[in-house]
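Asks: Mind having a look at this structure? Questions to follow.
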Amino acid sequence: VTTLDIQQIRQDFPILDQQVNGRPLVYFDNAATNQKPRPVIDALTQYYEGYNANIHRGIHHLAEQATAAFEASRRAIQQFLNARHWEEIIFTYGTTDGINLVAQTYGRRFLGEGDEIIISTMEHHSNIVPWQMLCEERGCVLKVIPVDDNGELILEEYEKLLSARTKFVSCVHVSNSLGTINPVKTIIDMAHQVGAVVLIDGAQASSHIDLDVQALDADFYVFSAHKLYGPTGMGVLYGKKALLDAMPPYRGGGEMIKEVTFAKTTYNEIPYKFEAGTPNIADVIAVKTALEYMAGLGKENIAAHEHELLQYATEQLSELDGLRIIGQAKEKIGVVSWVMDGIHHQDTGVILDQQGIAVRTGHHCTQPLMQRFGIAGTTRASFAVYNTKDEVDRLIVGLRRVQKMML
Ligand code: PMP
């Protein structure tokens, strides 16, 4: 039972207070991006109104203030992930950017002909394509962990894929399409036993699950701020110090150098080695506010509330004729995906939108997973802390209307 006052929390999110197509907005597209509470929006404004300046290189007051706030965010994220060293926190543009960074630097330096990279069937395209690009360039081989009918990874099959040839494993913590929470600790331990390095895509985990990269022993962990009540265009790559130190830089430019001459350039230390150019200063600063906001509510309380919504929605959806839920893993976050007999998901999305209900439809950037289930796509509702059971009821009424109109 949730201890949070959800109606009070809703007041923190200005965007929720609006009508869409004449109905109060129901926002169930949180896995794509969740909404921003007032303190996060204020942090952005305060930066631009009060101390906008470029960081690290200035000696004037505003530059020092901006730099301090920027670096304070790095420490906050270090704590959030329980990373051992602050230098292990690299700011990126998001999950996609973090994975590409690792593929393009670690991958190109350390992976070669015949080396095997393991991903899973439920990866987001952003954790498939960068590895395919690397394989094409370096002659590595991509292997894929299958999923069962419930949407869980088949660990016995994963074990069979692992060998001395396995050099890298890149796996999603929580599936954005199905909500499945993967046993990442086990996945990492199994990979380490054959000496492979592991990246975990935490895009969907970061706002729902307590993270501890040391306990997990993750080599790399990536996420996006915009999925944890923070701004868009900002993300984090965590990497173990020894690995980051050994990796060549990603992009060249200002900030990432020690000394530049036309004869030779020497590179800066981590994390700056990977942070060329002016970063998203305001967004980085506001992430700290987002983390504080989540911590204030208590991540376990948020998770408990979302779990209640998931259970309720799953029960209610199951009562609709011809509706099949895709992904029935034992461990799930608040994401529910379904298909309905005789109705295309796109029609579902349009008719729900007419009733002010925002869901996501399609393949959710996981086409191979959709192929695994023999479907073109699903309709997906994904929950955040501000959602309510009444909104789930609105969804069910909405879906009955979809069936009435389409069948
Ligand atoms: N991985 C997963 C599991 C995701 O859900 C997403 C976002 N939908 C991404 C990666 C990519 O994140 P971003 O678009 O923020 O880079």
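Asks: Sort THR92, THR166, THR379 by Cβ crowding within 10 Å, fewest neighbours at the top.
Replies: On the way: THR92 25, THR166 21, THR379 28.
Lowest to highest Cβ neighbour count: THR166, THR92, THR379.
Asks: Evaluate the relative contact order of the stretch 41-295 (contact order divided by residue number), counting alpha-carbon pairs under 8 angstrom at least 6 apart; express in whole percent.
Replies: Working: 477 pairs, mean separation 60.3, N = 255.
Worked out over the stretch 41-295, it gives 24 percent.
Asks: Please go through the stretch 86-123 and write out the GluC sites (Glu not before Pro) that DSSP classes as loop and that have at most 12 other C-beta atoms within 10 Å. Intermediate results must be reported in sequence, preceding the final value.
Replies: Values: sites: GLU87, GLU88, GLU113, GLU116, GLU123; in loops: GLU113, GLU123.
Loop-located and lightly packed - GLU113.
Asks: Students often get this wrong: which residues of the stretch 202-241 have the backbone nitrogen under 14 Å from the point 7 angstrom along Cα-to-C-beta of HIS192?
Replies: What the label zone holds, given the 14 Å backbone N cut-off, is 212-221, 240-241.
Asks: Work out how much length ARG75 to LYS330 would gain on full extension: take 0.36 nm times their residue separation and subtract the Cα-Cα distance, in nm to one decimal.
Replies: Working: separation 255, 0.36 × 255 = 91.80 nm, distance 3.43 nm.
Stretched out fully, the ARG75 to LYS330 stretch lengthens by 88.4 nm.
Asks: Could you work out [θ]222 nm for the chain from helices alone, using -39500 (n - 2.57) per DSSP H run of at least four and dividing by all its residues? Round to the nearest 500 deg cm²/dmol.
Replies: Details: 14 runs with 152 residues, N = 407.
Theoretical 222 nm ellipticity from helices: -11500 deg cm²/dmol.
Asks: Express in whole angstrom the spacing between the alpha-carbon centres of the stretch 349-380 and the stretch 1-46.
Replies: Between the Cα centre of the stretch 349-380 and that of the stretch 1-46, the gap is 22 Å.
Asks: Moving on. Would you mind checking the pairs LYS143/LYS241; LYS299/LYS332; LYS227/LYS330; LYS241/LYS288 and listing those with alpha carbons more than 25 angstrom apart? Display every interim value, and only then the final one.
Replies: Details: LYS143/LYS241 27 Å; LYS299/LYS332 15 Å; LYS227/LYS330 23 Å; LYS241/LYS288 22 Å.
Beyond 25 Å between Cα atoms: LYS143/LYS241.
Asks: Could you work out which residue, out of HIS85, HIS305, HIS364, moves most in a Gaussian network model of the chain, that is, has the largest mean-square fluctuation with Cα springs under 10 Å?
Replies: Comparing HIS85, HIS305, HIS364 in a Gaussian network model of the chain, the most mobile one is HIS85.
Asks: Could you give the size of the charge dipole of the chain about its Cα centre, using +1 on the Cβ of each K and R and -1 on the Cβ of each D and E, expressed in debye and rounded to the nearest 20? List each step's numbers first, then the result.
Replies: Numbers: 36 positive and 49 negative charges, 120 e Å.
Around 580 debye, computed over the chain.
Asks: Kindly provide the Kirkwood hydrodynamic radius of the stretch 164-228 in Å, to one decimal, from all pairs of distinct alpha carbon atoms. Show your work: numbers first, answer last.
Replies: Details: mean 1/r = 0.0830 Å⁻¹.
Hydrodynamic radius (Kirkwood, Cα only) of the stretch 164-228 equals 12.1 Å.
Asks: Given a Förster radius of 41 Å and the C-beta distance between ARG400 and THR3 as r, what FRET efficiency does 1/(1 + (r/R0)^6) yield to the nearest 0.05? Please list the in-between numbers first.
Replies: Values: r = 32 Å, r/R0 = 0.79.
The formula returns an efficiency of 0.80 here.
Asks: In µm²/s, what is D for the chain at 4 °C and 1.567 mPa s, where D = kT/(6 pi eta Rh) by Stokes-Einstein and Rh is the Kirkwood radius from Cα pairs?
Replies: Numbers: Rh = 22.3 Å.
So the translational diffusion coefficient is about 58 µm²/s.
Asks: For the pair GLN371 and ASP148, how long in nm is the line joining their label points, each one 7 Å along Cα→Cβ?
Replies: Going from the GLN371 label point to the ASP148 one covers 2.4 nm.
Asks: Still on this structure, I have one more. Roughly what % antiparallel, to the nearest 5, for the DSSP beta bridges in the stretch 41-295?
Replies: Working: 14 of 30 bridges.
Taking every DSSP beta bridge within the stretch 41-295, about 45 percent pair in antiparallel fashion.
Asks: Okay, moving on. Of GLN79, TYR93, GLN65, which is farthest on the positive side of the dipole of the stretch 41-295, counting Cα position, with +1 on Lys and Arg Cβ, -1 on Asp and Glu Cβ, and the Cα centre as origin?
Replies: Projecting each Cα onto the dipole axis, the largest value belongs to GLN65.
Asks: Between HIS125 and ILE59, what is the spin-label point distance in nm, taking each point 7 Å from the Cα along the Cα→C-beta axis?
Replies: Going by the 7 Å Cα→Cβ label model, 4.9 nm.
Asks: A follow-up question, please. Sort out for me the Cα centre separation of the stretch 69-142 from the stretch 207-284, rounded to whole Å.
Replies: So the two Cα centres are separated by 10 Å.
Asks: Here is a follow-up. May I ask you to sort MET133, MET370 by Cβ crowding, counting other Cβ atoms within 10 Å and putting the fewest first?
Replies: Values: MET133 14, MET370 18.
The most exposed by this proxy come first: MET133, MET370.
Asks: Taking 7 Å along the Cα-to-C-beta vector as the label spot, tell me the GLU319-ASP212 distance in nanometres, rounded to one decimal.
Replies: About 4.0 nm, to one decimal.
Readers should treat all values here as calculations from the given coordinates under stated rules, not as data from a laboratory. A quick note: this is a predicted structure, and the numbers were derived from the prediction, not measured. Positions of Cβ are generated from backbone atoms using ideal geometry, with glycine treated the same way; all protein chains shown enter the neighbour counts.
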